[in-house]
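In what follows, a structure is listed as structure tokens, so that the remarks can point back to it.
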Amino acid sequence: MMGPAHSLSGAAAWLGVGAATAAAGHPMPWPVLVVGALICAGAALAPDLDHKSATISRAFGPLSKGLCEVVDKLSYAVYKATRSTKDARRSGGHRTLTHTWLWAVLIGGGASALAVTADRWGVLALLFVHLVLAVEGLLWRAARMSSDVLVWLLGATSAWIMAGVLDQPGNGANWLFTDPGQEYLWLGLPIVLGALVHDIGDALTVSGCPVLWPLPIAGKRWYPIGPPKALRFRAGSWVELKVLMPVFILLGGFGGASALGLV
């Protein structure tokens, strides 16, 4: 799928989690709901760091472009080293390593570790990166008409404000993990969810997605998971723009309202 659809699906997924926790009698504080949805929207773009034309590869200028080249080469090397005789030959690493459940878990775990070991600056860095990506994905038209510097300033300002709000008693800095030193350990959860939602979205397209790697399926190590081919669509097609994106908006709105007890 394209960036805006990925971001919408990520935000909708976290708002759905908020609705589920509220239904279970453990509602999220509203800052956790809002910040988590934005982080998940940004994280839903992250697996495409293996593609030089993706939103995330352009979001942070030369830094993200250089990182994209490294990730693409790493993904390609892992693919070549682990593919079976039935896996297709490839010339690049797009939709390989970064589009797997293992990558999602590692990235989310790394984010949680950064949040608890680097203290406030680690939290601010995570918020900044994912809020910039959320702006690029959810407000993509405005972002493309603005300069990168303005988007970065908006991300940095929003990260600082949201970290301050979360730090207030009862607002969720220690949501889910309450032991001393575990504040913000939960930040890895929307990052894992965003990456997995991205993979599921890509699995719906004609190419499928090897989300279950390294589990072998039908003799392939990189089996492209997806529905029957008749139910798949091409990225950027009318199905994505006219059907899925409105559905994500409706589901996100309903999930958010349910999480806040409004319905």
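The values are calculated or read from the model by the stated rules, or taken from the named source; none is laboratory data. None of these values were measured; they are calculated from a predicted model. Please note: Cβ atoms are built from the backbone with ideal geometry, for glycine as well, and neighbour counts cover all protein chains shown. All accessible areas refer to the heavy atoms of the entire protein, side chains included, with ligands and DNA or RNA removed. Shrake-Rupley method; radii C 1.70, N 1.55, O 1.52, S 1.80 Å.
So, of the residues in region 80-101 that are part of a helix (DSSP H, G or I) and touching a Phe, Trp or Tyr at 6+ places or on another chain (Cβ under 9 Å), which turns out to be least open to solvent (accessible area, probe 1.4 Å)? Walk me through how you get there before you give the answer.
Here is the first cut: in region 80-101, the ones part of a helix (DSSP H, G or I) are 80-82, 97-99, 101.
Of the ones still in play, those that are also touching a Phe, Trp or Tyr at 6+ places or on another chain (Cβ under 9 Å) are 82, 97, 99, 101.
Values: T82: 48, L97: 20, H99: 0, W101: 96 Å².
Out of the qualifying residues, it is H99.
Restricting V70, V17, V34 to those that are closer than 24 Å to L139 by Cβ, open to solvent by 60 Å² or more (accessible area, probe 1.4 Å) and assigned to a helix (DSSP H, G or I) reduces the list to V34. Inclusion of L8 among residues that are within 20 Å of L204 (Cα to Cα), in contact (Cβ under 8 Å) with a residue 12 or more places away in the chain, touching a Cys at 6+ places or on another chain (Cβ under 8 Å) and open to solvent by 10 Å² or more (accessible area, probe 1.4 Å) is not warranted. For region 213-263, taking the residues that are surrounded by 13 or more Cβ atoms within 10 Å (Cβ to Cβ) and aromatic (F, W, Y), the one that is nearest to the chain's Cα centre (by Cα) is identified as F248. With respect to the conditions (1) outside any loop (DSSP other than H, G, I, E, B); (2) under 19 Å from A12 (Cα atoms); (3) modelled with pLDDT under 95, L262 lacks only one, and its number is (1). Checking the stated criteria, A218 turns out to be of a type in the set (A, V, I, L, M, F, W, C) and at positive phi. Based on what the data block shows, is L215 part of a loop (DSSP other than H, G, I, E, B) and more than 30 Å from A88 (Cα to Cα)? Criteria not met by L215.
Within region 20-30, being assigned to a loop (DSSP other than H, G, I, E, B) and either acidic (D, E) or in contact (Cβ under 8 Å) with a residue 40 or more places away in the chain (or both) holds for P27, M28, P29. Going through (1) touching a helix residue (DSSP H, G or I) at 6+ places or on another chain (Cβ under 8 Å); (2) among the aliphatic types (A, V, I, L, M); (3) within 18 Å of L193 (Cβ to Cβ) one by one, L67 falls short only on (3). Only a single criterion out of (1) buried (at least 17 other Cβ atoms within 10 Å of the Cβ); (2) more than 28 Å from T96 (Cβ to Cβ) is not satisfied by P210, namely (2).
Within region 168-191, can one find any residue that is assigned to a helix (DSSP H, G or I), touching a helix residue (DSSP H, G or I) at 6+ places or on another chain (Cβ under 8 Å), open to solvent by 70 Å² or more (accessible area, probe 1.4 Å) and not acidic (D, E)?
Looking only at region 168-191, we keep the residues that are assigned to a helix (DSSP H, G or I), and these are 185-191.
Subsequent filtering for residues that are touching a helix residue (DSSP H, G or I) at 6+ places or on another chain (Cβ under 8 Å) retains 185-191.
Narrowing further to those that are open to solvent by 70 Å² or more (accessible area, probe 1.4 Å): 189.
Those left that are additionally not acidic (D, E): 189.
Yes, that holds for at least one residue.
Selection over region 137-156 of residues that are in contact with a Phe, Trp or Tyr (Cβ under 8 Å, 6 or more places away or on another chain) and crowded, with 23+ Cβ neighbours inside 10 Å gives a count of 1.
Which residue out of A104, A111, A77, A134 is surrounded by 13 or more Cβ atoms within 10 Å (Cβ to Cβ), assigned to a helix (DSSP H, G or I) and touching an Asp or Glu at 6+ places or on another chain (Cβ under 8 Å)? Of A104, A111, A77, A134, the one residue that is surrounded by 13 or more Cβ atoms within 10 Å (Cβ to Cβ), assigned to a helix (DSSP H, G or I) and touching an Asp or Glu at 6+ places or on another chain (Cβ under 8 Å) is A104.
Quick test for you: out of L63, L33, L74, L67, pick the one residue that is without any contact (Cβ under 8 Å) to a residue 24 or more places away in the chain and over 30 Å from S147 (Cβ atoms).
Numbers: L63 fails: over 30 Å from S147 (Cβ atoms); L33 fails: without any contact (Cβ under 8 Å) to a residue 24 or more places away in the chain; L67 fails: over 30 Å from S147 (Cβ atoms).
Being without any contact (Cβ under 8 Å) to a residue 24 or more places away in the chain and over 30 Å from S147 (Cβ atoms) holds for just one of L63, L33, L74, L67, which is L74.
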